[in-house]
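FYI, it's all coordinate maths here, none of it is from the lab. Bear in mind the structure is a predicted one, so any value in this text is a computation, not a measurement. Methodologically, a virtual Cβ is constructed for each residue, glycine included, from the backbone with ideal geometry; neighbour enumeration extends over all protein chains shown.
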């Protein structure tokens, strides 16, 4: 069954996304790891005072951005906890000291700073947002992200993966993705597999994403991410999806959405990540030559030279893209003159990242 499913997925990719596998060379900026959600699998989040709890200063942000610029990066990926100031007075104090009213105000300012003072393009993942905030961020970032993860509200139950994680309510996340669609904002989303959802719920999540894209045409990529158990979390001993399960999910995603960009993170399937190409993906997502994956720090990124070699060994050309895919760049540029200028400077004639030598 699996071999024929993979063959069908590869045929669909050959028809709609032939020959090229893309990736984005990025720096990972954990703007703040304070978060009001307590997901059962997460080691990124912290409470104030916990070891490792940190909110980056503007100087720290720009220090990483400039180092990434020297290494040929084109994406500044902002990841952060969801509205930590609503739960923690310490975060409110930090924001007041920085001169901002909320975490989203601070994120917006840092995206604009990166855009104006570097050649990198921001891609923020701030959690739940209002329609107004989507609009504001779309003026300082060519693409925005929010993982759907799952449409299963069961996982909000006591002891489940999203217990005590109010921002993981599926209806709220679907609303954000739909609001982005109404505003024609290039959007990244996806599913997290192996956190307690059934196979039917997994397919339902992919169909929900497909339906929103069919309605609005704004979802630039769909990530299929595999759960990895982390020590010190409630799900430390939870079984991880095996390689066959990951490939099966990727193939189903490709067959349900043959024309869309399907991505799987290589570091979460190392050392055998090249096999993910058999599932019909056409993108590796963001890979950093500088910063770790702060969400999965125990899983280092593959070296870019190795990524080239393994992708080419499977018969594909590896190309560096911007955080916004070429076919969505025009949609992104329409949101602000500043973005239009920066995209024009960063893109080659086909809309991919210009070839630059790292310093």
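Here the stretch 287-359 is described by how far its Cα atoms reach on the three principal axes: 39, 31, 25 Å, from widest to narrowest. Pairs of Cα atoms nearer than 8 Å and 6+ residues apart set the relative contact order; for the chain it is 24 percent.
Structure remark: mean-square fluctuation, Gaussian network model of the chain, C-alpha springs under 10 Å; the largest value among 65, 252, 222 belongs to 252.
When the Gaussian network model of the chain links Cα atoms closer than 10 Å, the mean-square fluctuations of 275, 224, 140 top out at 275.
Protection proxy ranking, highest mean first, for peptides 108-115, 239-246, 1-8: 108-115, 239-246, 1-8, where packing is the per-residue count of other beta-carbon atoms within 10 Å, averaged. The packing ranking of peptides 204-213, 281-290, highest mean first, is 281-290, 204-213, where packing means the average number of other beta carbon atoms within 10 angstrom of each residue.
Each of (i) 22; (ii) 44; (iii) 14 is a candidate for percent of Cα pairs over 36 Å apart; the one calculated from this structure is (iii).
Each stretch of four or more DSSP H residues adds -39500 (n - 2.57); spread over every residue of the chain, this sum gives -11500 deg cm²/dmol at 222 nm. Remark: the residue 20-residue 7 segment gains 2.9 nm on full extension, using 0.36 nm per residue and subtracting the alpha carbon distance.
Just to confirm my numbers, what's the Cα centroid distance between the stretch 312-344 and the stretch 211-236 in Å? About 21 Å separates the Cα centre of the stretch 312-344 from the one of the stretch 211-236. Once you reduce the stretch 123-150 and the stretch 260-311 to the center of their Cα atoms, the two points are 23 Å from each other.
Over the stretch 187-265, the ratio between the Cα radius of gyration and 2.2 N^0.38 Å evaluates to 1.14.
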